[in-house]
Amino acid sequence: MLNLMVAAAMFLVIHLVPSSPLRAWAVERIGAPAYMAAFGVVSLSILVWLVMAFGAAPVSSPLYVTGAPLRLLSAFVMLVAFILLAVGVTSPNPSMPGGEGVLERAEPWRGVFSITRHPVMWGIGLWALVHVLNRPDLSGLIFFGALALLSIGGAKIQENRKRTELGQAWSAFAARTSFVPFVALARGRAQFDLSDFSLWGVIGGGVVWAIVLSQHALIFGVSPLSF
């Protein structure tokens with residue numbers, strides 16, 4: 001369990017680098033491409049370590065109670081998560097590196113951004129939170145909790161950096177969207193229009209969801225719809 005805890009801590013710490021002075025220091029000395037490559041290699045290596053540590057960690061006694069209603073609700077939340085992730089990846093995204101030009105387009109807040117301005121990070125975060133709820137042992141809490149914290153907390157840190165870097169352009173985008181999914185829609189700041197969404201993203205997210213749902217027991221040994 002100690003190995004998993006250390007891996008999770010390192011995974012979180014390494015992702016603080018892009019928002020720290022260390023990033024500017026590294027870019028100044030080795031250049032942006034070399035920094036991105038090095039950061040990618042280190043991040044991937046720690047992620048592999050984290051996954052392997054989770055696989056080797058013992059399954060402890062449940063820390064809280066789950067049940068069939070929660071699993072059924074989780075299945076629908078996972079559909080939202082997969083669609084957010086797929087549509088976010090297939091849509092021009094101002095939150096992504098190099099995506100600043102998206103804010104220069106007319107109404108950049110439409111489409112998936114009417115739900116949240118961080119669809120990719122929230123897609124991963126919702127996936128992780130669902131697994132925190134349905135894997136109630138200590139190793140599951142550490143592993144999926146770290147991924148949820150990184151995704152949602154990292155999106156917030158990224159947002160603060162974008163606000164500083166992009167100024168009024170980001171503020172205008174933020175005023176028509178929301179950090180937490182569906183809040184801007186609920187408050188009337190955004191308008192939902194499915195025709196603005198990436199069709200392939202919606203289809204792809206739904207297909208992946210269906211495959212994962214049907215094959216989860218075969219791949220991971222646990223059915224998400226077991227009653």
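Quick one: would you say L166 is modelled with pLDDT of 85 or more and touching a Phe, Trp or Tyr at 6+ places or on another chain (Cβ under 9 Å)?
no
Say whether the condition of being among the small types (G, A, S) and loosely packed, with under 14 Cβ neighbours inside 10 Å is met by at least one residue in segment 64-86.
Within segment 64-86, one or more residues are among the small types (G, A, S) and loosely packed, with under 14 Cβ neighbours inside 10 Å.
Report, ordered by the first and then the second residue, all pairs with beta carbons closer than 7 Å, sequence separation of six or more or different chains, a first member in segment 1-30 that is of a type in the set (F, W, Y), and a second member that is assigned to a helix (DSSP H, G or I).
F11/I46; F11/L47; F11/L50; F11/A146; F11/L150
Looking at the structure I just gave you, is A172 outside the structural domain of A7 (by TED's automatic domain parsing), assigned to a helix (DSSP H, G or I) and within 12 Å of the chain's Cα centre (by Cα)?
Details: outside the structural domain of A7 (by TED's automatic domain parsing): yes; assigned to a helix (DSSP H, G or I): yes; within 12 Å of the chain's Cα centre (by Cα): no.
No; evaluated as a whole, the condition is false for this residue.
Looking for whichever is farther than 15 Å from L138 by Cα, out of contact with any Leu (no Cβ under 8 Å at 6 or more places or on another chain) and loosely packed, with under 12 Cβ neighbours inside 10 Å here; the options are V42, V48, V27. Which one fits?
V48
Tell me yes or no: at least one residue of segment 64-72 is free of Cβ contacts under 8 Å to residues at least 40 places away in the same chain and in contact with a helix residue (DSSP H, G or I) (Cβ under 9 Å, 6 or more places away or on another chain).
Taking every residue of segment 64-72 in turn, none turns out to be free of Cβ contacts under 8 Å to residues at least 40 places away in the same chain and in contact with a helix residue (DSSP H, G or I) (Cβ under 9 Å, 6 or more places away or on another chain).
Kindly indicate the residue of segment 134-169 that is farther than 22 Å from A68 by Cα and of a type in the set (S, T, N, Q) and also nearest to the chain's Cα centre (by Cα) among those meeting that condition.
Filtering segment 134-169 for residues that are farther than 22 Å from A68 by Cα and of a type in the set (S, T, N, Q), the one nearest to the chain's Cα centre (by Cα) comes out as S151.
Need the failing condition index for Q191 against (1) touching a residue at least 60 places away in the same chain (Cβ under 8 Å); (2) part of a helix (DSSP H, G or I), just the number.
Unmet condition: (2).
When you go through L126, L103 one by one, which is the residue that is out of contact with any Asp or Glu (no Cβ under 8 Å at 6 or more places or on another chain) and within 30 Å of A57 (Cβ to Cβ)? Break it down into steps so the answer makes sense when it comes.
Working: L103 fails: within 30 Å of A57 (Cβ to Cβ).
The unique qualifying residue is L126.
Checking the condition in contact with a helix residue (DSSP H, G or I) (Cβ under 9 Å, 6 or more places away or on another chain), in contact (Cβ under 8 Å) with a residue 40 or more places away in the chain and surrounded by 18 or more Cβ atoms within 10 Å (Cβ to Cβ), which residue from S61, S139 passes?
Details: S61 fails: surrounded by 18 or more Cβ atoms within 10 Å (Cβ to Cβ).
It is S139.
Answer with yes or no whether V120 is in contact with a helix residue (DSSP H, G or I) (Cβ under 6 Å, 6 or more places away or on another chain), part of a helix (DSSP H, G or I), under 16 Å from H15 (Cβ atoms) and among the hydrophobic types (A, V, I, L, M, F, W, C). Talk me through it step by step, then tell me what you get.
Numbers: in contact with a helix residue (DSSP H, G or I) (Cβ under 6 Å, 6 or more places away or on another chain): yes; part of a helix (DSSP H, G or I): yes; under 16 Å from H15 (Cβ atoms): yes; among the hydrophobic types (A, V, I, L, M, F, W, C): yes.
When the stated conditions are applied, V120 passes them.
Looking only at segment 81-89, decide whether some residue is of a type in the set (A, V, I, L, M), in contact with a helix residue (DSSP H, G or I) (Cβ under 8 Å, 6 or more places away or on another chain), at pLDDT below 80 and in the same structural domain as L147 (by TED's automatic domain parsing).
no
Taking interchain pairs and intrachain pairs at least six residues apart, which have beta carbon atoms under 6 angstrom, with the first residue in segment 105-125 and in the same structural domain as A75 (by TED's automatic domain parsing) and the second basic (K, R) and in a loop (DSSP other than H, G, I, E, B)?
Every condition considered, the pairs that remain are W109/R176.
From (1) free of Cβ contacts under 8 Å to residues at least 24 places away in the same chain; (2) among the aliphatic types (A, V, I, L, M); (3) closer than 29 Å to V48 by Cα, pick out the condition that doesn't hold for V102.
Here V102 clears every test but (3).
The values are calculated or read from the model by the stated rules, or taken from the named source; none is laboratory data. In this text the structure is predicted, and so the values were computed from the model without any measurement. Cβ: placed from backbone, ideal geometry, glycine included. Neighbour counts: every protein chain shown.
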